[in-house]
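Okay, so here's the structure we're looking at.
Laboratory data are not the source of any read-out in this text; all were calculated from the coordinates shown. For clarity, every value in this text was computed on a predicted model and none was experimentally measured. For neighbour counting, all protein chains shown are included, and Cβ atoms are generated from backbone atoms with ideal geometry for every residue, glycine included.
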Amino acid sequence: MGGKFLSIGECMVELSQAGDGLLRRGFAGDTFNTAWYARACLPADWSVDYFTVLGDDPMSDEMLAMMEKAGIGISHIRRIPGKTPGLYLITLKDGERTFSYWRDTAAAKKLAADADHLRTAIEAADLIYFSGITLGILASEAVDTLLSELRRAKASGKIVAFDPNIRPRLWPVGEEGKEAMLKTIEAGARAATLVLPSFDDEKAHFGDVDIAATIARYHVLGVPTVVVKDGPGGVTLSFDRKVEHVAAVEAKAAVDTTSAGDSFNGGFLSRLLTGETPAKAATHGAAVAATVIGHHGALIDPGLLPR
């Protein structure tokens, strides 16, 4: 029997280099990327919906058309007249990617402005997925609204999955900004039943000395299930305090690591929802991520993914 997967966050316009001074346009964003791979990996009796806010401009129209074509539900997406999506530009230099963002006035910053609409979408879902970037783009009152609804979902027995995806550039500079960022990430974790952190982020920003410290810290925050991603070091799972390690799947050629974690999350959650053991679900997620980083771009053709 299927169910409903709801991903909450921001999908942006992506501009990347196409040579000869030209740019290629696409659409991507961390929680949308995970929705894309969840849709690709879940059976047809599961619906995957995206929750965000867009404008009434042609770019928003094209983004919605792309989502529908991919089989991702858009019925929960509100539109605000006069607003537009956020945009980012990828620049390549000596093989290294850098990102420039234009999102200060993006429509997605209003995704929690209608609390009743938000509650309706969450109540209809079996799994709700969000990230630290979702929290980072919102004003503090909107964060409170979103987390309040997610705590309700957790208390009602729904799966609430959270990737901390820590991005300091979304927060004010200085110690106060860092403190606010870490407190908000912790608040996000408290609202979740399953957290999917990346160890590099946790080490850099929370000072965790090892993966065991990351797992212990999230359990103390009240998270029952922790899945720590460590790139080529594999994945460490803590389900019901039982710790298990799953090796990474080696990519044939790593050409673009964009969306590696997002695609793992989509592959992992899809298998977990359809009854696989956590270890088998993580192995599938690792295989999806290894395939994705072997191709350019955040979103690859679902036909290329392992089954």
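Some values worked out for this structure:
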| read-out | value |
| --- | --- |
| Relative contact order, percent, the stretch 116-251 [alpha-carbon distance under 8 Å, six or more residues apart] | 18 |
| Across Lys158/Lys229; Lys109/Lys242; Lys178/Lys252; Lys203/Lys242; Lys69/Lys252; Lys110/Lys203, pairs whose alpha-carbon gap is larger than 27 Å | Lys109/Lys242; Lys178/Lys252; Lys69/Lys252; Lys110/Lys203 |
| Label point at Arg78 placed 7 Å out along Cα→Cβ; residues across the stretch 139-177 whose backbone nitrogen lies under 15 Å | 139, 141-147, 149 |
| Theoretical gain in end-to-end length, Glu176 to Thr98 [0.36 nm per residue, Cα-Cα removed] | 25.5 nm |
| DSSP-defined beta bridges in the stretch 163-307 - what % are antiparallel, rounded to 5 | 75 |
| Correct option for Cα extents along the principal axes in Å [calculated from the coordinates] among (i) 51, 46, 42; (ii) 92, 59, 38; (iii) 49, 48, 46 | (iii) |
| Contact order normalised by residue count of the chain, Cα under 8 Å, 6+ apart, percent | 15 |
| Between the stretch 208-222 and the stretch 1-49, the alpha-carbon center distance in angstrom | 29 |
| Debye, to nearest 20: dipole size of the stretch 32-95, +1 on Lys, Arg Cβ, -1 on Asp, Glu Cβ | 120 |
| Beta bridges by DSSP in the stretch 54-145, antiparallel share as percent, to the nearest 5 | 80 |
| GluC sites (Glu not before Pro) restricted to the stretch 1-68 and DSSP loop, no more than 15 other C-beta within 10 Å | none |
| Neighbour-count order for Asp262, Asp45, Asp230, fewest beta carbons within 10 angstrom listed first | Asp45, Asp230, Asp262 |
| Rounded to 5, percent antiparallel among DSSP beta bridges of the chain | 50 |
| Sorted by Cβ neighbour density within 10 Å, fewest at the top, the residues Val243, Val173 | Val173, Val243 |
| Residue order, fewest to most beta carbons within 10 Å, for Leu22, Leu237 | Leu22, Leu237 |
| Contact order relative to length of the stretch 7-107, as percent, for alpha carbon pairs under 8 angstrom and 6 or more apart | 29 |
| Centre separation in Å (Cα based) which lies between the stretch 170-194 and the stretch 245-307 | 27 |
